[in-house]
Amino acid sequence: MSNIGSGSAPCRFAHYFVVCGIDNETGLEPDALAGLCRSIFHNVSNPLFSLILINVLSAGENFDQSPLKRTFKSKVLAHYPENIECNPFDQDAVNMLCMPKGLSFRTQRDSRTPQFHSFLITREDGSRTYGFVHTFYEEVTSPQICSAMQTLHQMHQAEHNASAHNCYDSVRDTLYVSKAMCLITPMPFMHACKRFLSQVHRAVISHQPPPLPLESYIYNILYEVPLPPPGRSLKFHGVYEPILCQRPGVGELPLADFPLSEAFRLLGVENLVQIFTCVLLEMQILLYSQDYQRLMVVAEGITTLLFPFQWQHVYVPILPASLLHFLDAPVPYLMGLQSKEGTDRSKLELPQEANLCFVDIDNHCIELPEDFPHFPNKTEFIQELSEVLLSFGLSPEGGNTSSEPAVSSQTSVLEKELKSTSLSELVDDRKNGNLGGEALDVLELLQGNPTLERLQALAKRTGVKVARLEALAVGQKAVGEEGVGGRSPAEEEELRNAKLNVQLREVFAARFATMFTDYESFVIQNSPDLESWLTNREQMHNFDKASFLSDQPEPYLPFLSHFIETQMFATFIDNKIMSQWEEKEPLLRVFDGRIEKARLYNVRAPSLRSSVYQKCTFLKESAQAIEQRLRKIDHTAIHPHLLNMKIGQGKYQQGFFPKLQADVLASGPTNNKWSNRTCSTQRRVDRHRQHNDHLVLDNDHKEKYMQEARNLGKNLRQPKLSDLSPAVIAQTNWKFVEGLLKECKMKTKRMLVEKMGREAVELGHGEVNITGLEENTLIASLCDLLERIWSHGLQVKQGKSALWSHLLHYQTREEKNEQLGQEKRKPESSVGLPALHVSVIQDMRHIQNMGEIKTDVGRARALIRLSLEKKLLSQHLKQLLSNQALTKKLYKRYAFLRCEEEKEQFLFHLLSLNTVDYFCFTSVFTTIMIPYRAVIIPIKKLSNAMTTSNPWLCVSGELGDSGILQITKNVLEMKFDRQNLGKLTTVQLGHDNSGLLAKWLVDCVMVRNEITGHTYKFPCGRWLGKGVDDGSLERVLIGEFVVPCNDEDGGRGSRTPPLQQSPSQIRRIKPTTVQIQESIGEAVNNIIKHFHKPEKERGSLTVLLCGEGGLVWALEQFFHHGFRSARIFQKNVFVWDFYAFMENADQIGDLQETPELLGLNCESFCRYVNAINNMPRNIGKDGKFQLLVCLGARDRLLPQWLPLLAECPVITRMYEENALLRDKLTVSSLIAVLETLHDFPITLESSLTKSVEL
C-alpha cells in the first residue's frame, strides 16, 4: 500500500470497494448464527453462553424450511485497498452488514430483482462510516455447490414428505446465489453511490462489455474522485453516465443524502413527529421493517432532523440477527430490526417495552410509551411540514405504498440511450481520460462562422449532406433536450429530492432556533481553563435549567423540562463551553450562526414568553443554494482510464462479476495533484491546531483531556460486530451494569441537590432553583431507570413492565406465606393513631385498587412514586430482592439485579432519597379515592374530656375538602373515604352545644392518609363551648406535618420544615415591640413569596394567614401590645371586645359624620364587624378577629381600617400610653407594609368565609 493511498484517504470520495458472496472453496456453510445457537443449546449451563439466547433461536437456521429458504454463511471475497490507516477495514462487520441475512439461493422460477441498501458503522469516538450495497443474483457454476444443494433438498424431502416438484433438481433447474457489491465512504453520498453501483451491475449483465475494464471505474472512484469541498459540487463518471454530488457549505445544514420524502411517505407527518419527539427524549426506539433500506432511511432521516443535537447512545439502524441480544441493552437505543414476511407483531417478544417506541414501518403505525409529552406547537409544526410536502406534490398522511429499494434489472429507455460524447471520450481516452472536447469546439466554430453557415445552407439546398456537421448538431441538440438545463430527468428528480430534504430540515432547525434563541444566557461558564473544567465536570452545573424553564412559555414546559435532562442536550452544552478553548464543533457553529441571523430579522426580548408559532424563513434561500451548486458544477474529477493491467485477466463474461486484478487496485497514483494538494492543506490545518493546543495544555495532557471531553457521558454507541465471543459479550454487559449504577448515582444526587436547594430556601437561604415541573421530570426519569434495571437480563419477558412483573411474582409467593402464618402486628402508637402496617405487598394492594391506572407500566410508576413519598423506596426494593430464589428464577447470571455489590450500592443511593420529602404521589394522582383516618385527642387529665353534644369535623386540603363529617357521640376515631384532598391544611372542629356536658377541651386532631401514611397534627389546646374561653363552638385548626420517629425510619431524620400550626391560647410571654414588628414583616413577606412561586407550587395560603407566625397571629400581637388589662372583673377580654366596644361607642358615629375618607372607612369597618357578628356560626371572639383580618386582607381594607382604629377616642381608655397602636409612626409603618399585599389576589378557603354575608 503506497503512502499516498493512505495519506489521502480522508480526502477521497470512497475508502473501500467490497465484494461479498459465496466462497466456492469452502462451499455451503450454515449461517454462523445457527451454528452459534446450536452451541449455546449444548452449553446452556454456562451463563456466558446463555446471554445470546434472547430471541435468537427463532432467527437461526430453520431445518423445517426448504434449503432454498435457509440462510448460509457469506464471506468477503475481495476488498480494495487492503487497509486504510484512518479507517481500518473490519471484515466481519462489513460482511455482516452487507449481507445481514447471509447468502440466499434462488432458481429460475424465483424473483431475482436486485436490491439496494445502506448501512453505517459507528466507531467508539462517535464518528461514522457509511456503506452502500447493491445485491444481485449470479448463477452458481460450482458443481459441488449444486450437488450439495440437491442433497439437502433430498434430505428435506425425505424428512417432510415434500413434493418433488418444488424441490431443486440440478439437471432441471438453474441455481442462483446472492452477491453484493459495496462502497464504503466517509460521507453519506447515497444517491451517487447508488448510481455508481447500479451502472457497474449494468455493465456486468450487459450484452456488450463496458467501454473500459471494471477495474478502471473502481480505481477511479477509490483513488481519483475527491470529496467535494464544502459548498461545492462535483461531477465524476460512472461506467455509462456522469454522476453529480454536492456538499453543503460551512454555514449550511450538514450533508444528509437519505431521502426524507421516503421517510415521510412511509410514516406520515404526525407519526414521524411523534417518533422524533421520542428520539429527542432519549427513549428506546425500535424500527421494524422487512426492508433494510427502509430501516436505514427512517433512522438516518430522524437523526438528521436532530440538528443541532446528536444522538449519543446505541445506534444500529440495521441489527444483524446475531446481535438480537442487544435489544436487552438497558440504555436508550435507536435500532432497526428486520421483520420476517408474515410475522405477527404480537409474537415479537421484546425484553423491555416500558419506555419503548415501536415503529412498524411497513404497516404505517407506531406504539408510543406512556407519559409522553408533546413537541411544542405540535399542531402548527405539523401544518408547516405538511405545506412543504404539498408544495412538492406529496401527501402529509404518507401511505403504505410500494417501496423503491429494488433496482430494475431491465435498463430503462433513458439508460439505453448512452451518451455518445461521454462514451467516445471514454473509449478514445488518450491522456488520463481527459479530452479537450474537440468535437464541441468544432461545432461552436462552425456555428459561429457566417461564411461556413452560408456554405452549409447552399449544400442543403442542392441536396449535399455534410454528415459530420449534422451529426454534431443533432448530438448537441439531443444533449440539450435530455432535461431542463442540460440534465437528465433522473438528475432533475435528484435536485427535487435535495431541495425537499433541505426545506424539511430547515423547518425542524427553525423550531430549535426559536426554542433555544437565548440558550447562551443560561450557560454557566466559571472555569478558568479546560483542565480545571474537565477535572470538576461531574460536580458542576453547566446550565441554569430552572431559570431557563422560567423564561419559557407555559405550553413548552412539559417537553423542555424532559429534554434539558437528556445526554444530547448535556453534550451540546459541553461543546458550547469547550468552544472557549478550542475550535467550535461544526453543528454548534452553524446553529449559533442561525441564531445570530434570526436576531437580525426578529429581535426577541429575553423576558418575552411567547408561544406564538414562528414559521421558518430560510426555506427559499436553502433550496436556492443547492440548486445553484447542482446547476453549475464546480469540479469535474479525472475520467476513468485504462490501467496498466495484465492481458487475459478479468475477461468479460456476461452475467458474472469478474475477478478483479488486485495489484492494480491495491494502491492509488503517486502523482495525483488534488490529493497531494488536499492533504498538504490538511497537514497545514493539523499543524495549526497542534500549535494552538500548546497554548492551553502540553501535548500529553491535551490528548488525555480532549479524549475525556469527547467521551463525557457517552455510552456504548454500537456493538462490536466482529467479535461475538463470550468474553466480549460479558464485557459488554459489565459496561451496562457499570453504566446503570453510575446513572443511578447521578440521578439520585441530582434529585437530592435540587430538593435540598429548595428546602434551604424554605429555611431562608439562597434562591429556589427547582420547579415542581422539574422535580416531576427527575422522578419520571428515575422511574425509567428502574424499569431499565429490572429489564436487564430477564429470563422470560412477561408484560410490558419488568418491575411490576417481578412484584406480582413476589406478591403471589408472599400471600401464600401469609396464609400459612399470620404476621405479627406492630404495637399501637402512643399518639392516638394505630400504627400503619408497612410492607411492599400492602402498597401494591393500594395501587391495584386504583381503577384509574390501567397498565402495568402505570402501576409500577405509581408504586415508585408512592414508595418515594413514604420514604420506603429503598426498603421496598430491598424487600423485593431479598427473595433470592425468585430473583435467580427470573434473571440470568449477568443481570444487574444479580450483581451483589452493585445491587447494594444501588439500594444505598436510593436510601439517600429518604433525607428529603416528596409529595410526588399525592400531587400526581389527584382524582383517586383515598381512605383517611381521623382521631380527636382531648386533654384527658380534665374531667371534661368527653362531651354530651354532637361533634362534627371537616378536613380541608390543597385539592378540596371532605365536607361536614358527623362524629358518633363519645367516639374519638373515624375513617372516611374521599377523593384525594392533597396536602392537608385545615380542620374545622365543632359541636352543637347540646346536652349537660356541652363543653369540650380538645388537645389536637390527628388525620392520616392511609395510603401514603402522611400524618397531620392539628393543635387546638382550647375549649369549645359557650361561657368558656372565647365562647367558640367551632374552631379552624391549622395542620403540621408529623414525621414518623420509629426505629425503622432510619435515614428519615432530615426533613422539610413543618407547616405552621394553629396558634394556641397560651401566649403569656410578652414579645417586645421589635419582635412584633419583625413578625408582621415576616408574615407579609411569606405571603408575597407565596405569590411569586409558580401557581401549582404555592401550597396553602390559609397557613400563611392563620397559622402560627401568620398574618392574623402577628396582628393579634400588635393589638395586644399595651392592652390595659387582659381581665376585667375576672373575665377574659379579647381583641374582638375592643372592636365591638368601638363599634357600639358613640365616637364611631362622630367619625362616620366626618367628610373625610375616614368616614367611608368607618362605614366599611362597621359593615364587616356587623356581618361577622350576625353570622349563624359560633366561631368565638378569636375566630371573629381572625375572620375580620382575612376579609380585610382579601378586600384590601386593612390599611384603611388602621387609621380609624388609631384615631378612635376609646383607645385612650383601653390602651396604655406606650402601646404600638397609639404610636403614629409605627401605625404609618404598618400601613405601608400591609399596602404591599394589594398587588396580589388573596383568596380564602370556604372553611373561613362560609355563612358571611357582605
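Hey, which of these cross-link pairs are over 24 Å Cα-Cα: Lys755/Lys983; Lys545/Lys983; Lys73/Lys892; Lys545/Lys620; Lys800/Lys892; Lys983/Lys1181? Intermediate results must be reported in sequence, preceding the final value.
Details: Lys755/Lys983 18 Å; Lys545/Lys983 27 Å; Lys73/Lys892 30 Å; Lys545/Lys620 35 Å; Lys800/Lys892 18 Å; Lys983/Lys1181 28 Å.
Check vs 24 Å cut-off fails for Lys545/Lys983; Lys73/Lys892; Lys545/Lys620; Lys983/Lys1181.
The alpha carbon centroids of region 150-228 and region 778-803 are separated by 44 Å. Of the residues Ser147, Leu175, Pro209, the one whose Cα sits farthest towards the positive end of the charge dipole of region 146-238 is Pro209 (charges of +1 on Lys and Arg Cβ, -1 on Asp and Glu Cβ, taken about the Cα centre). Compactness ratio for region 64-184: Cα radius of gyration over 2.2 N^0.38 Å (N = residue count) comes to 1.29. Using alpha carbons only, the radius of gyration of region 542-591 set against its Kirkwood radius gives Rg/Rh = 1.04. Dipole size of region 119-208 about its Cα centre, with +1 on Lys/Arg Cβ and -1 on Asp/Glu Cβ: approximately 460 debye, rounded to the nearest 20. A protection proxy built from the mean count of other Cβ atoms within 10 Å ranks the segments 239-245, 1234-1240, most packed first, as 239-245, 1234-1240. Relative protection proxy for 291-299, 1080-1088, from highest mean packing down: 291-299, 1080-1088 (other beta-carbon atoms within 10 angstrom). Relative protection proxy for 1210-1223, 87-100, from highest mean packing down: 87-100, 1210-1223 (other beta-carbon atoms within 10 angstrom).
Every number in this text was worked out from the coordinates using simple rules, so none of it is lab data. Since we're looking at a predicted model, the values are computed, not measured. Every residue, glycine among them, receives a Cβ derived from its backbone with ideal geometry; neighbour counts consider all protein chains shown.
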